[in-house]
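Q: Provided herewith is a single structure, encoded as structure tokens, for subsequent inquiry.
Computed from the coordinates by the stated procedures, all read-outs in this text should not be read as laboratory data. Since this is a predicted model, take the numbers as computed values, not measurements. Cβ sites come from the backbone with ideal geometry, for glycine too, and all protein chains shown count toward neighbours.
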Ligand code: SF4
């Protein structure tokens, strides 16, 4: 009998070990990639590099492509008006055709934001390594997958070799125990975590979200949470596989079937951190204490609760922070001490890979139902994450609720999350947004972004200012 | 890829934390399908007073005189000195492409965002992590002395100040080797082709559903 036993393994380690192809003496590891998601913005230079070197994709069948960042969210029958955007989407079409990569084109009902369609189609599966030339690839970790964003050189590298050079990350467990209050969502957990550890708190770590509040989340909620891991600085976020994961995946078009399904489930059921696994860092939050969150600055860590106020830079913990807060308040056009609930909004955006899934739209619709967008709100728009989400929402009548309340109901894409298409803020405009980044200029030059949950965004649209959705 | 050995470079101080890749190169320039030519639009929204668009000439655009990159004393800088969490946000490799095209070959900060840090090495840029207190001091020295330059020696892993003080930095051995020799990652990986194939064969047995493909 052994006198001691090894501590249990983390989910990260299990996923990592299953994908090791080769290890260099210094620990740098060649890791195998199971799924490669490709979109139009970060891939053209990778395909060009491949062609220049006379290489071809090692496994075109492991890749799936979709245009999402540049596509219009209004009438698409005329194609893309902006010639530069159009060329980029056409370049993706041509590259996929040349190399035999499956693409959900703009007119395909399955088209949508890359991080929405992967899970929706069963292209993202538990236990996979998933990469994409996009930082929000962390979303897919919700399935007990190791998923992270890469740059264009690495996109080319994965196309050519189906592998990536990586060093193991440190591990952090973010444990959220207890029950979330009414009207409090996964988005609020994500912002509360970032408020707690900061936007660089997760740098160098893979985050695992655990605890009873996480297990109680739907898959949509887990995706929202893992999506925001990158805003905490972590390339990867993940949640252990449980019955909710398996139920979500079952029957999806690309999910395994028959014997392969049983074989897959048997492995997937092992994809959780062992009870005695050790993490490099553990952060604990009490779910019951999390309130609806609203960001007030130009970094997701600049966040307050709906009952709070815009903070005073004099209270910042360091000189550098004081400087940042002052700059942020200036950019945001806000005074220290202003109650968050008194900040008026000009536009409202419900969408993005963080919050554009069916559950998000249901939550927003339940708040908007029977109400009207406030007169001071110039534009309130809902952009579903994919053609299939849109179809589902329409089948449930959510589109009618939004349209009757005065929201615009759009075609799927990234839209005003990053304003690469025609949807954007004008200088000085203030937006309640369900997206993930409130950086300067993110939603249009000079635009001011406040990140919130879908329910909070819908409530702000109807009130004309931020408001506590729990009191609605 | 360009080799990096010793850089003797003028330093430009960008005194902000959390500089994100949207700020380094705004989204409208991401519509390009090319790798080159992003330099004139580096920090576009801070650098110019008007709105930049791809295809628009940058020569006659109004410069923001307050932005550090526009100050005459920092023209020709190749070392960027900055604060925590540089390069956070989007994974866009257009950010290092823009820096490199502008002429920045080394970046010194107390910390970097992971994806950006990694992207730098693929583009001949050396990101250097130094202690926050040391960075703070370099800021003061740089601002006080016009023409302030640093010598970055990758092989020795040192940054040397004009007074001859030598500061050591850490860098991963594999990355250092590739950057010193300007090696192409893909070529190196393909040397492991047998191992990749063996892994795939094994996985096809263990987890066949991973190979059923996206082409239904
Ligand atoms: S929705 Fe926004 S964050 Fe998500 S992939 Fe698109 S641009 Fe990126």
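Q: Using a 10 Å cut-off on Cβ atoms, rank the peptides A:44-56, A:326-338, A:201-213 from the highest mean neighbour count down.
A: Packing proxy ranking, top to bottom: A:201-213, A:44-56, A:326-338.
Q: By how many nm would the segment from residue A:280 to residue A:267 grow when fully extended, if each residue of separation counts as 0.36 nm and the alpha-carbon distance is taken off?
A: Answer, rounded to one decimal: 2.1 nm.
Q: Give me a single rounded figure for B:86-98: the average over its residues of other chain Cβ atoms within 10 Å of their Cβ.
A: 6
Q: So what is the 222 nm mean residue ellipticity for chain B from helices alone, if each DSSP H run of at least 4 adds -39500 (n - 2.57) and you divide by all residues, rounding to the nearest 500 deg cm²/dmol?
A: The helix-only estimate for chain B comes to -8500 deg cm²/dmol at 222 nm.
Q: Using only the Cα atoms of the protein assembly as shown, build the gyration tensor, take square roots of its eigenvalues as a ≥ b ≥ c, and label the shape rounded, prolate or oblate: rounded if a/c is under 1.5, else prolate if a/b is larger than b/c, else oblate.
A: Here the protein assembly as shown falls in the rounded category.
Q: On to the next question. Ordered by packing density, taken as the mean number of other Cβ atoms within 10 Å over each peptide's residues, highest first, how do B:68-79, A:431-442 rank?
A: The densest-packed peptide leads the list: A:431-442, B:68-79.
Q: Tell me, Kirkwood radius of chain B from alpha-carbon pair distances, in Å?
A: 19.0
Q: At a 10 Å Cβ-Cβ cut-off, how would you order A:389, A:348, fewest neighbours first?
A: Ranking A:389, A:348 by Cβ neighbours within 10 Å, fewest first, gives A:389, A:348.
Q: Could you grab the relative contact order for chain B? Cα pairs under 8 Å, six or more apart, rounded to a whole percent.
A: Taking the mean separation of contacting Cα pairs over the length of chain B, I get 25 percent.
Q: Which residue fluctuates the most in chain B, going by a Gaussian network model with Cα springs under 10 Å, if the choices are B:53, B:165, B:100?
A: Largest GNM mean-square fluctuation: B:165.
Q: Can you pull the one-decimal nm distance between simple spin-label points at residue B:202 and residue A:247, each 7 Å off the Cα toward Cβ?
A: 3.6
Q: Also, quick follow-up: Which angle from 0 to 90°, rounded to the nearest 10, does the C-alpha axis of helix B:132-144 make with the longest principal axis of chain B?
A: 40
Q: Quick one: work out Rg over Rh on the C-alpha atoms of segment A:248-314, Rh as Kirkwood radius.
A: 1.24
Q: Next question, about the same structure. Between the alpha-carbon centers of segment A:355-420 and segment A:120-197, tell me the distance in whole angstrom.
A: 25
Q: Let me ask something else. Antiparallel versus total DSSP beta bridges in the protein assembly as shown: what percent is that, nearest 5?
A: 30
Q: Specify the inter-centroid distance of segment B:1-67 and segment B:83-132, based on alpha-carbon positions, in whole Å.
A: First find each Cα centre; the distance between them is then 13 Å.
Q: A follow-up question, please. Taking 7 Å along the Cα-to-C-beta vector as the label spot, tell me the residue B:57-residue A:471 distance in nanometres, rounded to one decimal.
A: Reported label-point gap for residue B:57 and residue A:471 is 5.7 nm.
Q: For chain B, modelled as a GNM with alpha-carbon contacts under 10 angstrom, which of B:174, B:87, B:39 fluctuates the most?
A: Answer for the Gaussian network model of chain B: B:174.
Q: Take chain B, connect every pair of alpha-carbon atoms lying under 10 Å apart with a spring to form a Gaussian network, then pick out the residue of B:110, B:26, B:54 with the largest mean-square fluctuation.
A: Looking only at B:110, B:26, B:54, the biggest GNM fluctuation is shown by B:54.
Q: Would you please put B:157-163, B:40-46 in order of how densely packed they are, using the mean number of other Cβ atoms within 10 angstrom per residue and starting with the highest?
A: The densest-packed peptide leads the list: B:40-46, B:157-163.
Q: Report the label-to-label distance for residue B:173 and residue A:52 in nanometres (one decimal), using points 7 Å from each Cα along the Cα→Cβ vector.
A: With each label placed 7 Å out from Cα toward Cβ, I get 3.1 nm.
Q: Mean residue ellipticity at 222 nm from the helices of chain A, using -39,500 (n - 2.57) per DSSP H segment of n ≥ 4 over the full residue count, to the nearest 500 deg cm²/dmol?
A: My calculation for chain A gives -9000 deg cm²/dmol from helical runs alone.
Q: Take the alpha carbon atoms of segment B:183-216, find their center, do the same for segment A:1-79, and report the distance between the two centers in whole angstrom.
A: 12
Q: Sort B:66, B:101 so that the residue with the fewest other Cβ atoms within 10 Å of its own Cβ comes first and the one with the most comes last.
A: So the residues, fewest neighbours to most, are B:66, B:101.
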